[in-house]
Amino acid sequence: MRPLSPLFTAIRATSGWPGPYRLVDIGCGLGYLVRWLAATDALGADVELVGVDLDAALVGEAGRLARAEVLNCRFVHADAFALRQAATVYVSTGVLHHFRGPALDRFFQTQAASPAAAFCHFDIAATRLAPIGAWIFHRARMRHPLGRHDGVVSAQRAHSDETLLRAADVPGIRPLLYEPQRLANPFCTTVRPVIGVRPPLEAPFRLALGRAARHLVGPEYLAQAPR
């Protein structure tokens, strides 16, 4: 989750986005990401943490777990893009591969049309090893056959770097990919984020990342990718 803290550092340093800030986790499920961020205070006390899901049962359980763990975060059963209070940063984990074609384009277009400063969506890296790794992991960790099957299918449906960069390249957003396939070790990379920032945020975001900024690529990466 390395890019998230530098994202908020950049937002704080850039005029136009005064706090308090709000992170909205799209399709939060049981709220692992939001609860981890709350437990570690990774983003700072001025960032409200909100998990949103269309599954009421998952949202209810995420809220119960957060209360049991005495965490400062909340969970909402709703459409993440229809909240009364807009996000500063949208995030998701393992959601992107469920969207295909025009639906993936609309996913990014909706965020670009919102007041959000940025988004950061983590999904499975589309490497040749991903389906094999998913099979091994889910055979070891999942008891139910459906869970084992779903994990492998998800890895097979992972979007390529080119697909994500093109879909995220919408007006008002500078799309960036962290650790694209050609710059990553396929034995170590299982997920990687596609990031979108408002253009004034790119320079302070790279500055906040420090040396890790060398792992970022933009749309120009597409022209360099082998055909």
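The values are calculated or read from the model by the stated rules, or taken from the named source; none is laboratory data. Every value quoted in this text rests on a predicted model; they were computed, and no experiment measured them. With ideal geometry, Cβ positions are generated from the backbone for all residues, glycine too; neighbour counts draw on all protein chains shown.
Of everything in segment 191-217 that's modelled with pLDDT under 90 and surrounded by fewer than 18 Cβ atoms within 10 Å (Cβ to Cβ), which residue is nearest to residue 16 (Cα to Cα)? Filtering first and then ranking leaves 215. A single member of 137, 99, 108 is surrounded by 12 or more Cβ atoms within 10 Å (Cβ to Cβ), at pLDDT below 95 and closer than 21 Å to residue 165 by Cα, and it is 99. Tallying residues that are exposed (fewer than 13 other Cβ atoms within 10 Å of the Cβ) and assigned to a strand (DSSP E or B) within segment 111-121 yields 0. Here 14, 9 are screened, and the one residue that is surrounded by 16 or more Cβ atoms within 10 Å (Cβ to Cβ), modelled with pLDDT under 95 and over 16 Å from the mean Cα position of the chain (by Cα) is 14. The residue that is surrounded by the most Cβ atoms within 10 Å (Cβ to Cβ), among those in segment 78-96 that are among the aliphatic types (A, V, I, L, M) and either touching a helix residue (DSSP H, G or I) at 6+ places or on another chain (Cβ under 8 Å) or within 26 Å of residue 179 (Cβ to Cβ) (or both), is 91.
Does residue 59 satisfy being crowded, with 20+ Cβ neighbours inside 10 Å, more than 26 Å from residue 204 (Cβ to Cβ) and of a type in the set (Val, Ile, Thr)?
yes
Here residue 75 meets the list (1) crowded, with 16+ Cβ neighbours inside 10 Å; (2) at pLDDT below 95 almost entirely, failing just condition (2).
Are there any pairs with C-beta distances below 8 angstrom linking a residue in segment 45-66 that is modelled with pLDDT of 95 or more to a residue that is polar (S, T, N, Q), with the two at least 6 apart or on different chains, and if so which? Final answer for the pair search is 47/88; 49/72. Pairing each residue of segment 196-218 that is assigned to a loop (DSSP other than H, G, I, E, B) with any residue that is among the small types (Gly, Ala, Ser), provided the two are 6+ apart or on different chains, yields C-beta distances under 7 Å for 198/117; 198/118; 198/172.
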